[in-house]
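A short write-up of the structure that comes next.
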Amino acid sequence: MPIRRTEAIILKTMKMGETSSLLTLYAREAGLLKLVAKGARKLKSRYGGLLQPLYVIEVIYYDKETRDLQFLSQASLVWAPRQAQSDIDRLGLCLACCEMILRLENEGHGNPAAYGLLRATLETFDQAETNIRPLFLAFQARLLELLGFSPGMNHCFHCQKQTIREGRYDFINGRLYCQSCMSLALQGQAVSQDMIDAYRELVRLPLSSVIKKAFPKGAIAGVYHFLHDFFRYHLEEVRQLNAIDVLKKLKTMQGEFSQV
Ligand SMILES: [Zn+2]
């Protein structure tokens, strides 16, 4: 039975039996991974408080292919959030990022780039003093690119022109059209230059700059609605994230979110 060692982010934990936990991890090389942590909920567990969502740990586990669930052997802390655990907005958005990975990734496929994105995003959430909603949108837009669902926002689908003052987005086919070509789109919605520019910056800028940048008023709301519609048409599974629902119920965030 091979013993494996990997760095992984804890996406969620579930109670299992009397004293154990079932961990859903996003591992750097192995992708989604479920591990049973025996005795993790005992008062004097050898894992201490280590097995919590958003924590980055190094794990050693036994990998037996004939078994559905693998068993955790050892865990050590690599990184733990500080602010995200005490701030409900941040916590909700971090958990929503984890949930998107859970819904969009398949077990058994590693994606080190998406792993790096989630890890960097969680760390940036912890450092951010402002702009946590743009950061959440940056995560979503980048994840789409990394998982092969790019909405094609870099240029006009037809003439390839990059500068688009007024455009139209065909959600059914996932195509952006510039002003000169927009008659070719059989249907779609108007998209503004501010929104397109903000979208591109959310994908391109370092995350540490995303949390500092002053985006034009309305541009971030535009990206929020764009991504919401894109998910509705193409990725139904992430349209309504539980973590966001929970947040809305918990806080006055509903008003803020509908205006983001
Ligand atoms: Zn065009």
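Applying a length cut-off of 18 Å (Cα extent along the axis) and a mean Kyte-Doolittle floor of 0.5 to the DSSP H helices of the chain leaves 88-104, 132-146. For segment 131-229, the pair-distance distribution built from all alpha carbon pairs, in bins 5 Å wide starting at 0, is 2, 14, 26, 25, 19, 10, 3, 1 percent.
Each of Tyr61, Leu91, Ser76 was placed along the dipole of segment 60-102 (beta-carbon charges, centred on the mean Cα), and the one lying farthest toward the positive end is Ser76. Placing +1 on the Cβ of every Lys and Arg and -1 on the Cβ of every Asp and Glu, with no other charges, gives segment 3-79 a dipole of roughly 300 debye about its Cα centre. Between Ala141, Gly218, His158, whose Cα lies farthest towards the positive end of the dipole of segment 120-218 when Lys and Arg beta carbons carry +1 and Asp and Glu beta carbons carry -1, centred on the Cα centre? About the Cα centre, the residue reaching furthest to the positive side is His158.
In segment 3-79, one over the average inverse separation of all distinct C-alpha pairs is 12.2 Å, which is the Kirkwood hydrodynamic radius.
Considering all different alpha carbon pairs of the chain, the Kirkwood hydrodynamic radius works out to 19.7 Å. About the centre of its Cα atoms, segment 83-259 shows a dipole size close to 400 debye [charges on the beta carbon of Lys, Arg (+1) and Asp, Glu (-1) only; nearest 20 debye]. Ordering Tyr233, Tyr115 from the fewest to the most neighbouring beta carbons within 10 Å gives Tyr233, Tyr115. Which entries in the list Lys15/Lys212; Lys12/Lys217; Lys15/Lys64; Lys42/Lys64; Lys12/Lys212; Lys34/Lys213 go over 27 Å, if you measure between the two C-alpha atoms of each? Checking Cα-Cα distances, Lys15/Lys212; Lys12/Lys217; Lys12/Lys212; Lys34/Lys213 exceed 27 Å. Taking other C-beta atoms within 10 angstrom as a stand-in for reagent exposure, Asp68, Asp170 fall in the order Asp68, Asp170, fewest first. In terms of its C-alpha gyration tensor, segment 30-136 has an oblate overall shape, because the principal axis ratio a/c (a ≥ b ≥ c, square roots of the eigenvalues) is not below 1.5 and a/b does not outweigh b/c.
Label-to-label distance, Leu43 versus Glu18, with points set 7 angstrom from Cα along the beta-carbon direction: 1.4 nm. Rounded to the nearest 5, what % of DSSP beta bridges with both residues in segment 3-79 are antiparallel? Among the beta bridges of segment 3-79, antiparallel pairing accounts for roughly 95 percent. Once the Cα-Cα distance is subtracted from the 0.36 nm per residue extended length, the Lys213 to Ser76 segment shows a gain of 45.8 nm.
All of the numbers you see were taken from the coordinates with simple rules; none came from a lab. Note that the coordinates shown come from a computational prediction; the quantities given were computed from them, not determined experimentally. Cβ atoms come from the backbone with ideal geometry, glycine included; neighbour counts cover every protein chain shown.
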